[in-house]
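Read the structure below first, then the notes.
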Amino acid sequence: MGEMQVDRAAEKRRAAALAAFLGAGVHSPPSTALLVAALASARRSVAMQQARGLPVDGWLAEEVRLRGIRENAAVLAVLELPGRREEAAQAYRQQHPDRAGVLSALLEVLT
């Protein structure tokens, strides 16, 4: 398999893991546009918190209370932060033990 095919395959796995995680716990599969918008909003919020020198913990606590795509997007945005992955993953796994598989698949593609 050529390098380009490997890159494409890895990108497909990454996209599938992101979509599965963002849609975890949601009754009907959300549209890609909704997933992208939720993740973009969460990433912007995390960036604003960091730019202001504020911890993301309070923001994350508010977001996870909402459940669904917004909760998952917030957790993913924090999982992407250096040094926060293990703590955020452990908290999510504890809150949603039924989603351990999608979380593990996501963590594999984030590393």
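Observations, loosely collected:
- Given (1) exposed (fewer than 11 other Cβ atoms within 10 Å of the Cβ); (2) under 10 Å from the mean Cα position of the chain (by Cα); (3) hydrophobic (A, V, I, L, M, F, W, C), number of the condition Ala33 does not satisfy: (2)
- Qualifying residue in segment 21-28 (condition: on the phi > 0 side of the Ramachandran plot, out of contact with any strand residue (DSSP E or B) (no Cβ under 7 Å at 6 or more places or on another chain), in contact (Cβ under 8 Å) with a residue 24 or more places away in the chain and of a type outside the set (Ser, Thr, Tyr)): yes
- Checking Gly25, Gly58 one by one, the residue that is under 13 Å from Val102 (Cβ atoms), out of contact with any Cys (no Cβ under 8 Å at 6 or more places or on another chain) and at pLDDT below 95 is Gly25 and no other.
- Hey, Ala73 over 12 Å from the mean Cα position of the chain (by Cα) and either in a helix (DSSP H, G or I) or exposed (fewer than 12 other Cβ atoms within 10 Å of the Cβ) (or both) or not: no
- Identity of the residue in segment 81-107, basic (Lys, Arg) and in a helix (DSSP H, G or I), that ends up nearest to Ala51 (Cα to Cα): Arg85
- Among the candidates Arg85, Arg43, residue that is in contact with a Leu (Cβ under 7 Å, 6 or more places away or on another chain), surrounded by 13 or more Cβ atoms within 10 Å (Cβ to Cβ) and either polar (S, T, N, Q) or within 21 Å of Thr111 (Cα to Cα) (or both): Arg85
- Listed conditions (1) surrounded by 11 or more Cβ atoms within 10 Å (Cβ to Cβ); (2) modelled with pLDDT of 90 or more are all met by Ala9, apart from (2).
The values are calculated or read from the model by the stated rules, or taken from the named source; none is laboratory data. As the structure is a computational prediction, the values presented were derived from the model and not from experiment. Using ideal geometry, Cβ is built from the backbone for each residue, glycine included, and neighbour counts are taken over all protein chains shown.
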